[in-house]
Amino acid sequence: MIKSPKLARIPHRNVLSIRSNRRWQSTSAEPPPAEGHLPSVATSSFLRTTPDSALRAPGLQWADDGLSGPPNIALAERETRKMNLYQAVRDAMSIALTKDDTAVVFGEDVAFGGVFRCTMGLAEEFGRERVFNTPLTEQGIAGFGIGLASMGHTAIAEIQFADYIYPAFDQLVNEAAKHRFRSGGQFGVGGLTIRCPTMSVGHGGLYHSQSPEGFFLGAAGLKLVIPRSPVQAKGLLLASIRDPNPVIFMEPKILYRSAVEQVPIGDFEIPLGKAETLVNGSDLTLLTWGTPVYHCETAIHMLRSPPESLAKHIPQSIRSAKVELIDLRTILPWDVETIAESVERTGRLVIVHEASRTGGVGSEIAAEIQKRCFLKLHAPVKRVTAWDTPVPMQYEKFYIPDPLRIVDAIVGTLTY
């Protein structure tokens, strides 16, 4: 028998791959750096990564010495610590529990640290009479919190995901929101704060990626807050816990670990009801809150210096447009004065949020701004939102507003 020689054969698909790689090497430019050319959450210029910038955060009010916008002498004596968002939330609750003997933290699995570790170690630090688990009933968690707050306690409740807040809707909208009103101001539930992780994670689907803030817009008596970063989360959460009204505090879950800042370790608050202007501009107002703040930052960079694949879609004449970016922060009541003043100057407004378009917060803002600024508008108010479907189990990236959709809205509004 004649043995045929062994031939070194390369599978057809590998040959194609090799040819493809050679073709890429000969025709493409230098590959992009691993971190990319555009800002991400981790590299955002909005994050305060130095102690000095953290201590000088706009609106920061020290609660331990009564100083507001502390002088330089006070700043020199203060310290910061590097924290991600869930650590900042935990730090805020630790301060609240330390300074308020009536404060308690409760919810599903909080004694074990919670799904996102926001309450990690609190039960060991303050005891299981003040940090404790509840049964799996959101309606019961909210109702229990209302009862505690009505008796003068500070109730800090956790709904494990914002998606699960709907069973508590009756308690929050029909009881918590109306408590002070129906008593003629004689009593209320101002000591109630409901924390819940919100917004998309990229793969959460129908029950773990929703943004339900719009459902509470009609509930006069509630406040609704969504922070964008660790410094914001700590200051806004402490302000929420101490506010004389019940507050729903929604924490963007994708930012729990991805957003990292130097955070002052003292007791401070950031006032509720006040938006923050992150980028000053004169040609267009871009309004958002939570995770989309960082998508908007990327979109602004794409407008100024578009990648080659997008360059033909972004006219040269608008690349130098000055976009004013505003973080709303408090969704209810929203800072209508700041937004209206900005739109009066820019003449254009683009609103970005992860919730669906119909019935979303953007609808209310668009209607109010159009009424107040109608004669100054150069283009219709534009909304960039999720689609009017449940959050899909696949292709979630195409469901939520991303930088491409945002920059497309900016271009359309500037060229209207």
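Against the definition (closer than 18 Å to Leu414 by Cβ, surrounded by fewer than 20 Cβ atoms within 10 Å (Cβ to Cβ) and of a type in the set (Gly, Ala, Ser)), how does Ser305 come out, yes or no? Criteria met by Ser305. Scanning the range 236-245 for residues that are out of contact with any helix residue (DSSP H, G or I) (no Cβ under 6 Å at 6 or more places or on another chain) and part of a helix (DSSP H, G or I), we see that the one that is surrounded by the fewest Cβ atoms within 10 Å (Cβ to Cβ) is Arg242.
Of all residues in the range 246-298, those satisfying the criterion of being buried (at least 24 other Cβ atoms within 10 Å of the Cβ), β-branched (Val, Ile, Thr) and not in a strand (DSSP E or B) are Ile270, Thr291, Val293.
Contact map, the range 108-119: first residue farther than 17 Å from Glu138 by Cβ and in a loop (DSSP other than H, G, I, E, B), second residue among the polar types (S, T, N, Q) and at pLDDT 95 or above, Cβ cut-off under 7 Å, separation 6 or more or different chains; pairs are Gly113/Thr119.
Residues that are touching a helix residue (DSSP H, G or I) at 6+ places or on another chain (Cβ under 8 Å) and closer than 16 Å to Val343 by Cα do occur in the range 393-412. Within the range 46-63, the set of residues being at negative phi, touching a residue at least 60 places away in the same chain (Cβ under 8 Å) and in a loop (DSSP other than H, G, I, E, B) comprises Phe46, Leu47, Arg48, Thr49, Thr50, Ala57, Pro58, Leu60, Ala63.
Quick grid of which residues meet (1) over 24 Å from Arg48 (Cβ atoms); (2) among the hydroxyl-bearing types (Ser, Thr, Tyr); (3) not assigned by TED's automatic domain parsing to the domain that holds Tyr395:
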position	(1), (2), (3)
Arg180	yes, no, yes
Gly191	yes, no, yes
Ser200	yes, yes, yes
Ser209	yes, yes, yes
Ala219	yes, no, yes
Ala233	no, no, yes
Ile248	yes, no, yes
Ala259	no, no, yes
Ile265	no, no, yes
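Of the residues that make up the range 140-161, is at least one in contact with a Ser or Thr (Cβ under 9 Å, 6 or more places away or on another chain), in a strand (DSSP E or B) and not aliphatic (A, V, I, L, M)? Yes, the range 140-161 has at least one match.
Residues in the range 224-238 that are under 19 Å from Leu172 (Cβ atoms) and either in contact with a Leu (Cβ under 6 Å, 6 or more places away or on another chain) or of a type in the set (Ser, Thr, Tyr) (or both): Leu224, Val225.
For Glu337, the stated conditions do not hold, so it cannot be described as assigned by TED's automatic domain parsing to the domain that holds Val384, at pLDDT below 95, over 27 Å from Glu79 (Cα atoms) and surrounded by fewer than 23 Cβ atoms within 10 Å (Cβ to Cβ).
Taking residues in the range 160-178 that are more than 15 Å from Ala149 (Cα to Cα) and touching a residue at least 12 places away in the same chain (Cβ under 8 Å), and partners anywhere that are in a helix (DSSP H, G or I) and among the β-branched types (Val, Ile, Thr), the pairs with Cβ atoms closer than 7 Å and at least 6 places apart or on different chains are Ala168/Ile141. Based on this model, can you work out whether Val89 counts as assigned to a helix (DSSP H, G or I), at pLDDT below 50 and among the aliphatic types (A, V, I, L, M)? So Val89 fails the test.
Within the span defined as the range 235-243, one or more residues are among the aliphatic types (A, V, I, L, M) and without any contact (Cβ under 8 Å) to a residue 40 or more places away in the chain. Condition (residue is in a helix (DSSP H, G or I) and either assigned by TED's automatic domain parsing to the domain that holds Leu284 or surrounded by 15 or more Cβ atoms within 10 Å (Cβ to Cβ) (or both)) applied to the range 376-390: is it met by at least one residue? Scanning the range 376-390 turns up at least one residue that is in a helix (DSSP H, G or I) and either assigned by TED's automatic domain parsing to the domain that holds Leu284 or surrounded by 15 or more Cβ atoms within 10 Å (Cβ to Cβ) (or both). Looking across the range 199-248 at every residue that is in contact with an Asp or Glu (Cβ under 9 Å, 6 or more places away or on another chain) and at positive phi, the one that is modelled with the lowest pLDDT is identified as Gly202.
Residue-level check: of (1) hydrophobic (A, V, I, L, M, F, W, C); (2) surrounded by 15 or more Cβ atoms within 10 Å (Cβ to Cβ); (3) closer than 19 Å to Val411 by Cβ, Ala311 misses just (2). In the range 183-230, the qualifying residues are those that are of a type in the set (A, V, I, L, M) and part of a loop (DSSP other than H, G, I, E, B), and the one that is surrounded by the fewest Cβ atoms within 10 Å (Cβ to Cβ) is Val201.
The values are calculated or read from the model by the stated rules, or taken from the named source; none is laboratory data. Since the structure is predicted, the reported quantities are computational estimates derived from the model, not experimental observations. Reconstructed Cβ throughout: ideal geometry from the backbone, glycine too, with neighbour counts over all protein chains shown.
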